[in-house]
Amino acid sequence: MHISIRNLCKAFGNVVANNDISVDFAAGQIHGILGENGAGKSTLMKMLSGIYTLDSGAVAINGNEVLLGAPIRSLQVGIGMVGQDPLDIPVFTILQNIAAGAQIAGHTQIADSFAAWNALLGFELQPHLRIQQLTVGQRQQVEIIRLLITGSQVLILDEPTTGISAAQKDALFGALRTIAREGKTVLFVTHKLDEVAALCDTVTVLRAGSLVGTQAQMPVAKDVILQAMFGDRSAQASFTVGHHHPNGTLWHLNDVVMQSANLRLGPFSQEIAAGQIIGLAGLEGSGQTLYLQHLAGMRLPRSGSIRFLNRQLVGARHDAVYLPADRLHEGIIPSMSLVEHVQLLHKHLLDPGQTARQKVLQLIRDYNIKATPDIALELLSGGNQQRAMLALIPESARVILVEHPTRGLDAYSAESIWHRLQERCTRGTTVVFFSADLEEVMTYSDAIIVFYGGSLSRILDRDTLTEQSLARLIGGVGFAEVMQ
Amino acid sequence: MNNLRLARAPLIAILVALLMTTIVLATTDAEAISAFTVMFSGALTSPSRVADMVMLAAPLLLCAAGLSISFAAGQYNLGIEGQMTVGGVISMAVLRQYADGGNVAVYWIIALLAGALAGAAWAGVVALLKQYTRVSEIFVGLGLNFVALGFSLYMVFGPWKRPGVASMSGTEPLPDSLWLPVIGTTRVTLITPLVAVIVLALFWFLLRATQWGLEVRASGLSQPASRRLGVPAVRRMIQAMLVCGAAAGLAGALQVLGVYHALVPNLASGIGFMGLLVALLINADIRFVAPLVLLFAVLTAGSIQLPLSLSIDSSISGVFQGFLVLAMIVARAFISIKERA
């Protein structure tokens, strides 16, 4: 199916998300849509898939204009989208989920189509497993098959490689090539250049809501794409990563056992020095969140003691700020503005809002947030929300504990987040973070703790590790020697 | 432009409610225009009817103002009838201690405070059970309504029954000197609407102009996020429930002191639930509490004239109010769906 987009516009309040976009996507190809966070990629895709309505402009399929504006209408004309978080019903089996959304009578028919696609795409899904038993990558595979069974001719994937394993990524790329060979149109949204290079037939770059140049056939030189994505900023030298010198002990952990419903760490003892950046490495779910929440005082150890600044840690502390991975639900109040957040943080019994507003304007400048003081945070892009969260951490914070500090962000946004974190660290704040991105852990940490199989390592000096040796430790090779 | 958009949902809702009520009236061969005329203006045709309307509006205002705080904290306080009832019972317990020659004003103040405290305590049970046993405040609140009603019936027909015979008309009336003074020959006691308006103003200020109010709203919108921002979310939610319960208890005490002058079997008489209707209608936005309470009071008091002048039962105003709330909720949801799209 050939999609023609003409003069598409979309704004949220004063923020223009898509500005006069015109582009064609030919059938039988994989089209990369590149741009940094907040460039307008997701907005464009959400309009195609009917989640957002168009402010103006038109969409034509095979030359015939279609009326979108509701997911069901997009599905009916054959446009299906696999979101960043697959929307499915966890207690249903794979087949039940597909049947619920497929609008096809006859379970045998669905089972047959499922088996056929499963085989063709090289997935190894077992149709009677419940969704809640699957990994993110497998749920994504289910979504893809569901859309294909529903008759989608256009498949939109929004940052599909976030949170899936390398093997699943290979399987996904293979499947997408097969789908394109079947004559279908694949729109592949990402901010990762190498993925576009490896997979896509064409590349379309968005920047600040507008199309940069025109769609280009791959291959295109990396520098050209970078220039398109970031403009002149890409030419700026990246800042140098400084080393921080620890001073004094912040946490004393003594024979601590940390336990959650399905995980148990320890017993172990540790002393953690202040004023440095500590990276937690390991496969996701190896206890990093549990560890961070204990350092924050949000959870108390099953046994043993944690002392913070030489005092027993008995509950969450205001000067130890924890940034959860699910920021939109746990980190900020989506319908409230920056002004209201600042008012919540800085308690003045009766604040007419003016001092808060002054402060917000300062934060917007300092942290380069694209927002007005009174706009609800839910209307900002991911990168801006993340910068806003960072901006909202009070200067008095001694500790910032953060999960996936730059997940889902493009290189520029990620670097600017790290720039702020490093600044904070230089001024004496201790940063403890975990990331699935090995390179990120290696680049920004002064010290590293490796999590593996319910245990954690000593605090390792970053300079004693290489990316390869760290990767081996995460996989358990040689872990016994560094174990706590 | 923006104001016009804000007014869309209410306008649609009023039209739908009028239409649906007309249909109900038409199916019973009643004359719709005159019925609406009586409903909307019946309460304003004589001083005594205005008085009835005011004495209904005051407790309703207290309940709706309280609910706008508990709703802001994300709590559905369906137990408000029970909180009002318990407020009435406890204030009655205070007033029964009065002996001739006592300082009336002191008894009034203690009775009103005791009523408010009792309502707050009743709401506190809901809030604590919600926090510590994870039972929905809706179920706890509804359950406690029955307990409160049973408690008041027990007092009316048991320990506090009239000498010789228990009566549906309530306990022995309080001595005349304890009755709140009325204006002229009407049934309006100045103190009742005055207290209601002061409480509304206070709640408005609390919710819209103080840090406490901002924190209550934040807790209602997202508990984990507000906790992360340093807001004591659980405490704010419990406090919001206590404040709402206090307003309801105060309303119950005012009914005893100013309207019934006794404890009657059904003291709350649906005023709490009508307050819930008002809160739902205006999305618990405290700015609209006063006008909507006035409208509901006018409709309810006005429709009392219906059986006399048109031989239509007064409950038709309930049909209109019900349709109004339903249509408003649907219209609002519909518009927000359209806007999100």
Check whether at least one residue in region A:470-477 is touching an Asp or Glu at 6+ places or on another chain (Cβ under 6 Å) and closer than 25 Å to A:TRP251 by Cβ, and report yes or no. no
Of the residues A:GLN103, A:GLN76, which is at pLDDT 85 or above and surrounded by fewer than 18 Cβ atoms within 10 Å (Cβ to Cβ)? A:GLN76
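Checking the condition closer than 18 Å to B:ALA127 by Cβ, modelled with pLDDT under 90, assigned by TED's automatic domain parsing to the domain that holds B:ALA279 and among the basic types (Lys, Arg), which residue from B:ARG208, B:ARG236, B:ARG227 passes?
Of B:ARG208, B:ARG236, B:ARG227, the one residue that is closer than 18 Å to B:ALA127 by Cβ, modelled with pLDDT under 90, assigned by TED's automatic domain parsing to the domain that holds B:ALA279 and among the basic types (Lys, Arg) is B:ARG227.
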Are there any helices (runs of 4 or more DSSP H) wholly within region B:184-293 with 3 or more residues that are touching a Leu at 6+ places or on another chain (Cβ under 7 Å), away from chain A (no Cβ under 14 Å) and not charged (D, E, K, R), and if so which? B:191-209, B:233-254, B:271-281
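For region A:415-426, state whether one or more residues are within 14 Å of another protein chain (Cβ to nearest Cβ) and under 30 Å from A:GLY248 (Cα atoms).
No; the residues of region A:415-426 include none that is within 14 Å of another protein chain (Cβ to nearest Cβ) and under 30 Å from A:GLY248 (Cα atoms).
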Looking at this structure, is A:MET298 under 27 Å from A:PRO394 (Cβ atoms), within 14 Å of another protein chain (Cβ to nearest Cβ) and buried (at least 16 other Cβ atoms within 10 Å of the Cβ)? yes
Extreme residue, nearest to B:ALA240 (Cα to Cα), among residues of region B:27-72 that are outside any helix (DSSP H, G or I) and β-branched (Val, Ile, Thr): B:THR45
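Conditions (1) under 24 Å from A:LEU193 (Cα atoms); (2) surrounded by fewer than 18 Cβ atoms within 10 Å (Cβ to Cβ); (3) assigned by TED's automatic domain parsing to the domain that holds A:THR178; (4) touching a Gly at 6+ places or on another chain (Cβ under 9 Å), marked per residue:
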{"residue": "A:ALA115", "(1), (2), (3), (4)": "no, yes, yes, no"}
{"residue": "A:PHE123", "(1), (2), (3), (4)": "no, no, yes, no"}
{"residue": "A:GLN126", "(1), (2), (3), (4)": "no, yes, yes, no"}
{"residue": "A:ARG130", "(1), (2), (3), (4)": "no, yes, yes, no"}
{"residue": "A:VAL136", "(1), (2), (3), (4)": "yes, yes, yes, yes"}
{"residue": "A:GLN141", "(1), (2), (3), (4)": "yes, no, yes, no"}
{"residue": "A:LEU147", "(1), (2), (3), (4)": "no, no, yes, yes"}
{"residue": "A:VAL154", "(1), (2), (3), (4)": "yes, no, yes, yes"}
Counting only residues that are closer than 21 Å to A:ILE144 by Cα, away from chain B (no Cβ under 12 Å) and aliphatic (A, V, I, L, M), how many does region A:36-54 have? 3
What residue, of B:GLY275, B:GLY245, B:GLY249, B:GLY270, is at positive phi and either within 16 Å of the chain's Cα centre (by Cα) or not assigned by TED's automatic domain parsing to the domain that holds B:ALA196 (or both)? B:GLY270
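Residue by residue, here is whether (1) closer than 23 Å to B:LEU60 by Cα; (2) not basic (Lys, Arg) holds:
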residue	(1), (2)
B:ASN77	yes, yes
B:GLU81	yes, yes
B:ILE90	yes, yes
B:ARG96	no, no
B:ALA105	no, yes
B:ALA114	yes, yes
B:LEU117	yes, yes
Candidate set from region A:302-326 (those that are farther than 16 Å from A:ARG398 by Cβ and within 9 Å of chain B (Cβ to nearest Cβ)); member that is farthest from the chain's Cα centre (by Cα): A:PRO324
Do you know which residues across region A:328-339 are facing another protein chain (nearest Cβ under 9 Å) and surrounded by 19 or more Cβ atoms within 10 Å (Cβ to Cβ)? A:GLY331, A:ILE332, A:ILE333, A:MET336
Those residues of region A:279-289 which are under 15 Å from A:GLN259 (Cβ atoms) and surrounded by fewer than 19 Cβ atoms within 10 Å (Cβ to Cβ) amount to A:GLY285
Inside region A:205-222, can you point out the residues that are of a type outside the set (A, V, I, L, M), surrounded by 15 or more Cβ atoms within 10 Å (Cβ to Cβ) and in contact with a helix residue (DSSP H, G or I) (Cβ under 9 Å, 6 or more places away or on another chain)? A:ARG207, A:GLY209
Pairs, first surrounded by fewer than 17 Cβ atoms within 10 Å (Cβ to Cβ) in region B:8-19, second in a helix (DSSP H, G or I) and among the aliphatic types (A, V, I, L, M), C-beta under 8 Å, six or more apart: B:ARG8/B:ALA331; B:ARG8/B:ILE335
Checking the conditions here, which among B:VAL135, B:VAL147 is surrounded by fewer than 16 Cβ atoms within 10 Å (Cβ to Cβ), among the β-branched types (Val, Ile, Thr), without any contact (Cβ under 8 Å) to a residue 24 or more places away in the chain and in the same structural domain as B:TRP179 (by TED's automatic domain parsing)? B:VAL135
Scanning region B:47-77 for residues that are of a type in the set (Ser, Thr, Tyr), more than 18 Å from B:THR189 (Cβ to Cβ) and over 12 Å from the mean Cα position of the chain (by Cα) gives B:SER70, B:TYR76
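For every residue, the table says whether it meets (1) surrounded by fewer than 14 Cβ atoms within 10 Å (Cβ to Cβ); (2) modelled with pLDDT of 90 or more.
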| site | (1), (2) |
| --- | --- |
| A:HIS294 | no, yes |
| A:ILE306 | no, yes |
| A:LEU309 | no, no |
| A:ALA320 | no, no |
| A:HIS341 | no, no |
| A:LEU349 | yes, no |
| A:GLN362 | yes, no |
| A:ASP374 | no, no |
Kindly indicate whether any position in region B:73-83 is under 17 Å from B:GLN239 (Cα atoms) and part of a helix (DSSP H, G or I). yes
Hey, does region A:160-175 have a residue that's under 24 Å from A:ASN7 (Cβ atoms), out of contact with any helix residue (DSSP H, G or I) (no Cβ under 6 Å at 6 or more places or on another chain) and in contact (Cβ under 8 Å) with a residue 24 or more places away in the chain? no
State whether the residues of region A:55-63 include one that is farther than 24 Å from A:MET229 by Cα, surrounded by fewer than 16 Cβ atoms within 10 Å (Cβ to Cβ) and within 14 Å of chain B (Cβ to nearest Cβ). yes
Going residue by residue through region B:119-128, is there one that turns out to be outside any helix (DSSP H, G or I), touching a residue at least 24 places away in the same chain (Cβ under 8 Å) and surrounded by fewer than 23 Cβ atoms within 10 Å (Cβ to Cβ)? no
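The values are calculated or read from the model by the stated rules, or taken from the named source; none is laboratory data. Because the structure is a prediction, the values reported are computed rather than measured. Every residue, glycine among them, receives a Cβ derived from its backbone with ideal geometry; neighbour counts consider all protein chains shown.
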